[in-house]
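Take a look at the structure set out below.
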Amino acid sequence: MDTDARAALLALIRKERIAHLATLRAGAPMASMTLYLAEENLSAFYVHVSRLAWHTQDMLKDPRVALSISEADDGRADPFTFMRVTIRGEAAQISQGPKEAWLARFPEQAINFQLADFSFWKIAPRDARFVAGFGRIHNLSATELTTGEKA
């Protein structure tokens with residue numbers, strides 16, 4: 001991936017706030033909308049979710065997940081030109097997460113920190129597929145995702 005593609009990937013992940021989190025539910029894929037926060041170097045992605053949510057219940061049984069992030073629909077004629085990335089990885093519930101950074105990004109979510117059923121989950125990337133636009137596809141290892149360089 002060249003420096004322009006890397007810059008586009010970072011801009012996409014930093015600009016967008018909504019992702020689709022795919023989990024395995026009873027052996028079949030299940031995707032749901034969630035908010036996310038990425039480490040600066042993309043070495044981890046965080047979600048703050050309720051244990052009542054299906055995706056949380058799924059992650060407790062099988063930590064394999066995918067997080068899909070796309071440019072917001074701006075009405076352009078060809079939606080296949082949107083940039084998008086899917087990060088596959090392993091999710092782990094953590095006792096302490098990036099609360100201050102989360103609230104800086106999502107101030108309206110402060111109420112969720114008062115509810116006992118919410119917790120942070122850290123997604124450690126295994127690999128990623130970045131589509132920078134139609135026909136501009138990059139398959140990335142975890143190392144390439146976090147450093148921008150081939151291992």
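Run through every distinct alpha carbon pair of the chain and return the Kirkwood hydrodynamic radius in angstroms, one decimal place.
Hydrodynamic radius (Kirkwood, Cα only) of the chain equals 16.0 Å.
Choose one answer from Arg51, Arg136, Arg84: the residue with the largest mean-square fluctuation in a GNM of the chain with alpha-carbon springs under 10 Å.
Residue with maximal mean-square fluctuation among Arg51, Arg136, Arg84: Arg136.
Return one quarter of the surface area of the convex hull spanned by the alpha-carbon atoms of the stretch 74-151, equal to its mean projected area, in nm².
7.6 nm²
Top mean-square fluctuation among Ala72, Ala19, Ala124, Gaussian network model of the chain, C-alpha springs under 10 Å?
Sorting by GNM fluctuation, first place goes to Ala72.
Over the chain, with a Gaussian network built from C-alpha contacts below 10 Å, which listed residue (Asp117, Asp127, Asp74) shows the highest mean-square fluctuation?
For the chain, modelled as a Gaussian network with Cα springs under 10 Å, the answer is Asp74.
If R0 is 22 Å, what FRET efficiency do you get for Leu103 and Glu39 from their C-beta distance, rounded to 0.05?
Calculated value: 0.85.
Could you run the Karplus curve 6.51 cos²θ - 1.76 cosθ + 1.60 with θ = phi - 60° over the stretch 77-82 and give me ³J(HN,Hα) per residue in whole Hz, x for Gly and Pro?
With the stated coefficients, the stretch 77-82 comes to 4, 10, x, 5, 8, 5 Hz.
Order these by the 10 Å Cβ neighbour count, fewest first: Leu140, Leu12, Leu60.
Ascending number of Cβ neighbours within 10 Å: Leu60, Leu12, Leu140.
Relative to the longest principal Cα axis of the chain, at what angle does helix 3-15 sit, 0 to 90 degrees, rounded to 10?
In the chain, helix 3-15 runs at an angle near 30 degrees to the longest axis.
Calculate how large, on average over all directions, the projected area of the Cα convex hull of the stretch 39-93 is; give the answer in nm² to one decimal.
Mean projected area of the Cα convex hull: 5.2 nm².
May I ask you to derive the relative contact order of the chain, considering only C-alpha pairs under 8 Å and at least 6 residues apart, and to give it as an integer percent?
Relative contact order, the chain: 25 percent.
I'd like the distance separating the alpha-carbon centroids of the stretch 45-71 and the stretch 119-151, in whole Å.
The two parts, judged by their Cα centres, are 18 Å apart.
Using the number of other C-beta atoms within 10 angstrom as an exposure proxy, rank Glu90, Glu149, Glu108 with the fewest first.
Glu108, Glu149, Glu90
Bear in mind these aren't lab numbers, they're just calculated from the coordinates by the rules spelled out. All values reported here derive from a predicted model rather than from experimental measurement. Methodologically, a virtual Cβ is constructed for each residue, glycine included, from the backbone with ideal geometry; neighbour enumeration extends over all protein chains shown.
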